[in-house]
There are 2 protein chains.
Amino acid sequence: MSILTGMRVVESSAFVAVPLAGMTLAQMGADVIRFDLPQGGMDAKRWPVTRDGQSLFWAGMNKGKRSVALDVKSPRGREIAQEIICAPGPDAGLFITNLAVKGWTDYETLSARRKDLCMVQLRGDRNGRPAVDYTVNPALGFPTATGPKGSQEPVSHVLPAWDCIAGNMVVSGLLAAERHRLRTKAGQFVDLTLKDAAAAMLGNLGIIGEVQVNGQSREKHGNALYGAYGQDFVTADGRRVMVIALTARQWKNLMRVTGTEVDMAYLAGQLGRDLMQEGARWQSRHEITKVLAPWFAARRLTDFASDFDRAGVTWSVFRSFAEALAEDPDLSTENPMFREMDQPGIGRYLVPGTPFTFDGFGRDAPRPAPVLGQHTEEVLAEVARLSSGEIGKLMDAGVAMQGAGSLRLAS
Amino acid sequence: MSILTGMRVVESSAFVAVPLAGMTLAQMGADVIRFDLPQGGMDAKRWPVTRDGQSLFWAGMNKGKRSVALDVKSPRGREIAQEIICAPGPDAGLFITNLAVKGWTDYETLSARRKDLCMVQLRGDRNGRPAVDYTVNPALGFPTATGPKGSQEPVSHVLPAWDCIAGNMVVSGLLAAERHRLRTKAGQFVDLTLKDAAAAMLGNLGIIGEVQVNGQSREKHGNALYGAYGQDFVTADGRRVMVIALTARQWKNLMRVTGTEVDMAYLAGQLGRDLMQEGARWQSRHEITKVLAPWFAARRLTDFASDFDRAGVTWSVFRSFAEALAEDPDLSTENPMFREMDQPGIGRYLVPGTPFTFDGFGRDAPRPAPVLGQHTEEVLAEVARLSSGEIGKLMDAGVAMQGAGSLRLAS
């Protein structure tokens, strides 16, 4: 029993945002049915992949879902998909998609079958042009403000942040629409674009105002935390740490633990600035860094790590992904979010469940991603309510495919 | 009338994630009441700021909310805040916070006042250590995988992506909890940490599997799209573009529009790889780039921009924030999400509303952020149901503060 147990969501998707939305709902307890072509969707082989071509990405993004393999290029396959999307049930009739709507999965068509359907569609941009995280991000300016000061090279992010944000918005949009349906019985079509989700954030963070009101376009500031104090330092043993003094308390903690109160007071006097103000810290960041850098350069990470933790300093070590997994207990089974889990076709490794804890429900262990088509038969029988004879015919005709064994796709 | 009209959410917050959650709910139509100290919260002066110190950040993150200024360091102020959080109403009793819980806003205390309270708390990490976006990100590995290949310098992101993700998760968590309450009358405490939200994504994206299953820790690959083909190119007029060939269709479009089908076929033969496979494109990315780079170097942006759009190529220009605002119609009032709006204390500029369109409701225009304490009187009267005499006394005693005019904080 989880917070969304009983809810059924159907997903037609690929890549990050909508698969993430479906998985988030599945990890909250919803029955999430993803349908794909029998040869797999566009993201079936998305990297990273194992040495024999199994997608670690697909396994990561589809945990806990049911997989139906259906040839939706055929009329009969489409009809069955529509049947699954629009199947009865007060907690069903919920559909999320980021695939181009080609008539047969548009809201008009589907809501003719089920009037109270709630559907969230994520598109690239409002004009219907293709847009992905890796194009939206450069278009809006972030790469030109990322990386070492003075460099002319734009730096794109590695985390598909806009996809992750939009994916979580798909969840919110669906839950908001279903809330409305619970109260009014009315369905809802929810439209969202990746570009608009990103463009809104540009405004929300004050960056549009910075350009239009202040006439300034933010430039690269290396790893400095914009507008307050936050900086990276290299230690005596060649590690690198990030240290934050965004709030007054964080600033006081940092000065105390490094014993730099007097130096900073002198600096404040020299500069004629009140360094308790975050804006003054930002304006004085280079001078502050000059005071702190020798402190870090003279110490190994282990010389100060526990002191920093005890003093409540807001800081962290820079790590590679491998170092993070080797060093950080939050990335281990010490963290109740994680389990060592067998993923069919891939093997045993550390897998996260939901980051949410809903009290009273406890925390569910993560479930593996399905093998492609693993649930075709049961979904066709239970949800589309087809007879076993009919299901057999569909399998023979290649309209539906039952997956078995492991997720092994031709490579 | 909007999708969440009638819902009331109370917010005690600062900075990005929970303010963003509250604003997202407000822009969906909820009545969101944020309370702050009379001198403003920790983020009252967060940069970017205007020349006279008004926070463009605060204005961006608090649009459409009601603001109550209350001295919650005083017992009476706390009691009133609790009264507001726990006020009756079937669509009220919803509370979101990212501020350290100090007894008086913990779930136990609050749910004693309102048994069916739904509360979402965002914390830094599961151990109660301070953690912010700018420490979580280096700790988990992304900066070491960001930036130019071969560079040893980690590159932190500028977008507080984890905050934006977690903020949207706060919305989902609250809506899921309230959905459960609508059905069972039971309240719910929802716990979420920024670090877990990020750590889960590391697993979801397949990066944990890459380390543990493949024994590989992803390194810097510049602006290349990992695992398929996506690369930046410099044009004859010194502009830079990002070009994506993640899917087979995108790859075909790119070859066609650049007339490189024959060159790529030859290359595929030379390398003995099927470039229709995304993994083969990734392995051949340097060779593919060598074919394409001269094409872009020989052309100005305007020479191919419309051809690319017509051909459905997935691409974009790299822009500074100022260039994005000058060039991109999606960042203008041509986009129905945006309005030119007067923000008290700041002036007129381009402001986004919600990126969602819920059909049947249309799209609401964005509303300004409140002046600090702008709604103190009305909320104390309507929600906490205090008499005007009592409100007057609270104002005189400095326990409550009514904001007026513009958001001008002592700097």
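The values are calculated or read from the model by the stated rules, or taken from the named source; none is laboratory data. What you see is a predicted model; the values in this text were computed from it and never measured. No Cβ is skipped: glycine too gets one built from the backbone with ideal geometry, and neighbour counts run over all protein chains shown. Please note that ligands, DNA and RNA were not included when accessible areas were found on the heavy atoms of the full protein model with its side chains. Shrake-Rupley method; radii C 1.70, N 1.55, O 1.52, S 1.80 Å.
The figures follow:
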{"quantity": "Overall form of region B:1-140 per C-alpha gyration tensor (a/c, 1.5; a/b vs b/c)", "calculated": "rounded"}
{"quantity": "Quotient of Cα Rg and 2.2 N^0.38 Å for chain B, N being how many residues it contains", "calculated": "1.18"}
{"quantity": "Within region A:240-317: Cβ-based charge dipole about Cα centre, in debye rounded to nearest 20 (Lys, Arg +1; Asp, Glu -1)", "calculated": "140"}
{"quantity": "Per residue accessible area of region B:240-317, 1.4 Å probe, in Å²", "calculated": "47"}
{"quantity": "Kirkwood hydrodynamic radius of region B:240-317, from inverse mean 1/r over distinct Cα pairs, in Å", "calculated": "12.7"}
{"quantity": "Positions from region B:212-240 whose accessible area shrinks by 40 Å² or more when the full protein complex is built, not the chain alone, probe 1.4 Å", "calculated": "B:Q212, B:V213, B:N214, B:S217, B:R218, B:N223, B:L225, B:Y226, B:R240"}
{"quantity": "Value of [θ]222 nm, deg cm²/dmol, for chain B, DSSP H segments ≥ 4, -39500 (n - 2.57) each, nearest 500", "calculated": "-11000 deg cm²/dmol"}
{"quantity": "Candidates per chymotrypsin sites (Phe, Trp or Tyr not before Pro) in region A:5-95, loop by DSSP, up to 11 other Cβ within 10 Å", "calculated": "none"}
{"quantity": "Estimated FRET transfer efficiency when R0 is 56 angstrom, pair B:D359-B:A397 (beta carbons, to 0.05)", "calculated": "0.70"}
{"quantity": "Simple spin-label estimate for B:D237 and B:T5 in nanometres, 7 Å along Cα-Cβ", "calculated": "4.7"}
{"quantity": "Separation in nanometres of the label points that stand 7 Å from Cα toward Cβ, at A:A248 and A:D116", "calculated": "5.3"}
{"quantity": "³J(HN,Hα), Karplus 6.51/-1.76/1.60, whole Hz, each residue of region B:111-119, x for Gly, Pro", "calculated": "6, 5, 7, 9, 4, 9, 4, 10, 10"}
{"quantity": "Karplus 3J(HN,Hα) series, Hz, for region A:212-220 with 6.51 cos²θ - 1.76 cosθ + 1.60 (x for Gly, Pro)", "calculated": "7, 8, 8, x, 10, 10, 4, 10, 5"}
{"quantity": "Total charge dipole magnitude, the protein assembly as shown, about the Cα centre, Cβ charges on Lys, Arg, Asp, Glu only, Debye to nearest 20", "calculated": "120"}
{"quantity": "At 7 Å out from Cα toward Cβ: A:E378 inter-copy label distances (nm, ascending)", "calculated": "5.2"}
{"quantity": "Euclidean distance of C-alpha centroids, region B:42-60 and region A:64-94, integer Å", "calculated": "48"}
{"quantity": "Förster radius 51 Å - calculated FRET efficiency between A:L271 and B:L271, Cβ distance, rounded to 0.05", "calculated": "0.30"}
{"quantity": "Interface size B-A, as summed buried accessible area [1.4 Å probe, Å², nearest 100]", "calculated": "12600"}
{"quantity": "Rounded tilt (10° steps) of B:261-271 against the dominant C-alpha axis of chain B", "calculated": "80"}
{"quantity": "Kirkwood Rh in Å, taken over all unlike Cα pairs in the protein assembly as shown", "calculated": "27.4"}
{"quantity": "Rounded tilt (10° steps) of B:301-310 against the dominant C-alpha axis of chain B", "calculated": "80"}
{"quantity": "For B:P336, label point 7 Å along C-beta direction: distances to other copies, nm", "calculated": "4.5"}
{"quantity": "Added length on full extension, which subtracts the Cα-Cα distance from 0.36 nm per residue, B:E327 to B:T184", "calculated": "46.4 nm"}
{"quantity": "Value of relative contact order over chain B, rounded to a whole percent, pairs C-alpha under 8 Å and six or more apart", "calculated": "19"}
{"quantity": "Percent accessible area from carbon and sulfur atoms, the protein assembly as shown, protein chains only, probe 1.4 Å", "calculated": "50"}
{"quantity": "Chain B: most fluctuating residue of B:G41, B:G373, B:G227 per GNM, C-alpha cutoff 10 Å", "calculated": "B:G227"}
{"quantity": "HN-Hα J in Hz across region B:380-395 - Karplus 6.51, -1.76, 1.60, θ = phi - 60°, x for Gly and Pro", "calculated": "4, 6, 6, 8, 7, 6, 8, 6, 5, x, 5, 4, x, 5, 4, 5"}
{"quantity": "Pseudo-label separations to other copies for A:P88 - Cα-to-Cβ vector, 7 Å, nm", "calculated": "3.9"}
{"quantity": "Dipole of region B:240-317, positive end: most advanced residue of B:G259, B:F296, B:T247 [Cβ charges, Cα centre]", "calculated": "B:F296"}
{"quantity": "Theoretical gain in end-to-end length, B:Q216 to B:L301 [0.36 nm per residue, Cα-Cα removed]", "calculated": "26.8 nm"}
{"quantity": "Per-residue SASA entry for B:V132, accessible area with 1.4 Å probe, Å² rounded to 10", "calculated": "30"}
{"quantity": "Spin-label pair B:D52/A:S387, simplified geometry with 7 Å Cα→Cβ offset, distance in nm", "calculated": "8.0"}
{"quantity": "Gaussian network model of chain A, Cα within-10 Å springs - most flexible of A:A311, A:A166, A:A17", "calculated": "A:A311"}
{"quantity": "Cα centroid separation, region A:298-327 to region A:358-374 (Å)", "calculated": "32"}
